[in-house]
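Reading through the structure tokens given below for one structure.
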Amino acid sequence: MEFLFAILIIIVILKILGVSNGAIAVGGLGIIELIIISSFILFIVATISMLFCKRRTASFVRIDKDEKQRFKTAYYSIDGVEYPCIFPSEVILNDKMYRTDRTYNVLFNERRGKVYDIWCVLTCIVGLLSFGAAAAASGGMIYMMLTY
């Protein structure tokens, strides 16, 4: 709520200063574009990191909150040592996605001590496609607004 109030105050100040509606719209789209591009870069970095990981067989242990992070993550056991997943665990369908009676093929990042499970790989693929398309679409909108 405070965020929306701050945006409203900024818009009112810009209108008092005489900024046109089109310039405010382009500025808003520019901020959204920066957020989209930042997310796209996050998925690019995660995908590149996966390329340098070693494929290992692991067993799912539990879902717990990592002491270094704010979210719950899945833990996998590789050669008797537990490693957290690099992305948060899914909120829904945990009993279907993470099963203790199965072994999983994971990508193990030794330097960070984290794993990429199948759900991380799918998240990266979907994130790359969707944020890439969103960056192109919003960039095209900004281009059209500036040249129109």
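Please give, to one decimal in nm, the separation of the simple spin-label points placed at A133 and R62, each 7 Å out from Cα toward the Cβ.
Taking the two extended label points, one gets 4.0 nm.
For every helix of n ≥ 4 consecutive DSSP H residues, a contribution of -39,500 (n - 2.57) applies; sum these over the chain, divide by its total residues, and give [θ] at 222 nm rounded to the nearest 500 deg cm²/dmol.
So the helix-based figure for the chain works out to -18500 deg cm²/dmol.
Please give the length that would be gained between M144 and D79 if that part of the chain were fully extended, namely 0.36 nm times their separation in residues minus their C-alpha to C-alpha distance (nm, one decimal).
Computed gain between M144 and D79 is 17.9 nm.
Quick one: what are the phi-derived ³J(HN,Hα) couplings along segment 52-60, Karplus 6.51/-1.76/1.60 with θ = phi - 60°, whole Hz, x for glycine and proline?
Along segment 52-60, the couplings run 9, 8, 9, 6, 9, 9, 9, 10, 5 Hz.
Mean separation of Cα pairs under 8 Å and 6+ residues apart, divided by the residue count of the chain: what relative contact order is that in percent?
26
Got a sec to turn the phi values of segment 78-87 into Karplus ³J(HN,Hα) couplings, 6.51 cos²θ - 1.76 cosθ + 1.60 with θ = phi - 60°, whole Hz, x for Gly and Pro?
Going residue by residue, I get 10, 6, x, 10, 8, 10, x, 6, 6, 9 Hz, with x marking Gly and Pro.
Tell me which residues come under 5 Å, amide H to amide H, from D66 once H is placed; ignore anything under 5 positions away on its chain.
Counting only residues 5 or more places away or on other chains, the set is F71, T73.
Among (i) -0.53; (ii) -0.31; (iii) -0.47, which one is log10 I(q)/I(0) by the Debye sum over Cα atoms at q = 0.10 Å⁻¹ computed from these coordinates?
Only one option fits the structure, namely (i).
With each label point set 7 Å from Cα along the Cα-Cβ vector, what nm distance links L93 and L29?
Reported label-point gap for L93 and L29 is 3.5 nm.
For V61, list long-range residues whose amide hydrogen, built 1.01 Å from N in the peptide plane, is under 5 Å from its own amide hydrogen.
Under 5 Å from the amide H of V61: Y75, Y76, S77.
Any idea how far the Cα center of segment 63-91 sits from the one of segment 125-144, in Å?
Spelled out, the Cα-based centre of one part sits 31 Å from the other.
I'd like to check one number: the per residue accessible area of segment 16-148, probe 1.4 Å, reported in Å² as a whole number.
Value for segment 16-148: 66 Å² per residue.
Taking the alpha-carbon distance from K54 and a cut-off under 14 Å, which aspartates and glutamates remain once sequence neighbours fewer than 8 residues away in the same chain are dropped?
Filter leaves D79, E110, D117.
The values are calculated or read from the model by the stated rules, or taken from the named source; none is laboratory data. None of the values given here were measured: they were computed from a predicted structure. So basically every Cβ, Gly included, is an ideal-geometry build from the backbone, and we count neighbours across all protein chains shown. Ligands, DNA and RNA are excluded from the accessible area calculation, which covers all protein heavy atoms including side chains. Shrake-Rupley method; radii C 1.70, N 1.55, O 1.52, S 1.80 Å.
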